[in-house]
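See below for the structure under consideration.
Just so it is clear, none of the values below were taken in a lab; they were calculated from the coordinates. Since we're looking at a predicted model, the values are computed, not measured. Heads up, the Cβs are rebuilt from the backbone with ideal geometry, glycines too, and the neighbour counts pull from every protein chain shown.
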Amino acid sequence: MADYLDALVSAGLMTKEQAQAAREAAATGGAAKKTGTYTTVQTSATIPDDLALEQKVNQVFKQFYGRDANQSELAIWLPQLKNKYKSPDGKSKTTVKSVYDKNGNLVSTDYLTADNLDPKVWLTDKIKTQLVSGKQEVNKLAIPEGPSGKYFTEVKNLAARNGIMLSDSAATEYANKIVAGVLDADTAYNTIRESAASAFPQLADKIKAGIDLKTLADPYIQSMSNILEIPSTAVDLFDPKIRSALSFTLPDGKVGTKSIYDFEKELRQDPRWQYTSNAKKTVADSTLRVLQDFGFQG
């Protein structure tokens, strides 16, 4: 308690007389021994120093950008924070909020602004607005900095796994709104799945249930890889043949998926098939059978 009061006196937030009165109140079971929050308000020419305010700024920047503020950013936000410690008449004012336990022991001390606001909360609201507007750094891959980068990657990958083309700007908007608390992450993911369900209505129930279109398309991708002898990693959901197989008009006029048998038969009519080892072997086997039928081969 004594160290705390001495610190207030040194900071110019309390006079020696006020500190002595507080000591006496504590010693005699005064206000400081109350359970809960005990708030003192002092008007002083001394406000939290630049280092203390810079720490507040860096805490908020790490939360939303994953880094400390740079010098140009500090030059913007420090003056604004300092200004929050001035009352309408222009005088410096700091609200000191102290919390004591039931035994009168000091639990915490917050140096709030002139209008009784936590400076970190005030700055958080400002940075959230800035973040949602898209004001941030991105790397060479257009991935935004900080926590937004994680969600950017997640929504881009989810969209790709479900056959949806999602622009970097749309992914960034999703990510920033999630980090700013404007949008729930599950809402963003479900929105992407709903887009995929609309594009492939015959698979809508499975997609909405959480099965990626990439998983549903895997049998077609593997067939295409085997028959055309191309790596499965080179076949994606945007390949015309894959999309056609997943959204095929059935004989009854309804939209469904093409049978694997018909899909593979169609692949053998693809111009690329004639250059595969399977095609050459098939042709060689057919030629051999013809020769055998005519008695030219034993």
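The residues packed around Val235, meaning those with a beta-carbon under 11 Å from its beta-carbon, carry a net charge of -1 if Lys and Arg are +1 and Asp and Glu are -1. Once you sort the root eigenvalues of the Cα gyration tensor of the range 56-137 as a ≥ b ≥ c, which label holds: rounded (a/c under 1.5), prolate (a/b larger than b/c) or oblate (the other case)? Oblate shape, in that a/c is at least 1.5 and b/c is the bigger or equal ratio.
The label point for Ser244 and the one for Asp218, both projected 7 Å from the Cα toward the Cβ, are 2.5 nm apart.
At 7 Å along Cα-to-Cβ for each site, give me the label-to-label distance between Gln274 and Thr187 in nm. Computed distance between label sites Gln274 and Thr187 equals 5.6 nm. For Gly256, the residues whose amide H sits under 5 Å from its own are Phe248, Thr249, Leu250, ignoring neighbours fewer than 5 places away on the same chain, with H placed 1.01 Å from N. In terms of the mean number of neighbouring beta-carbon atoms within 10 Å, the peptides 248-259, 169-180 order highest first as 169-180, 248-259. Based on alpha-carbon atoms, the Kirkwood radius and the radius of gyration of the range 147-282 give Rg/Rh equal to 1.08.
Fully extending the segment from Ile260 to Gln130 would add 41.7 nm, taking 0.36 nm per residue of separation and subtracting the current Cα-Cα distance.
Over all other residues within a Cβ to Cβ distance under 11 Å of Leu158, the charged ones net out to +2, with Lys and Arg as +1 and Asp and Glu as -1. Neighbours of Asp115, meaning other residues whose beta-carbon lies under 10 angstrom from its beta-carbon, give a summed charge of +3 when Lys and Arg score +1 and Asp and Glu score -1.
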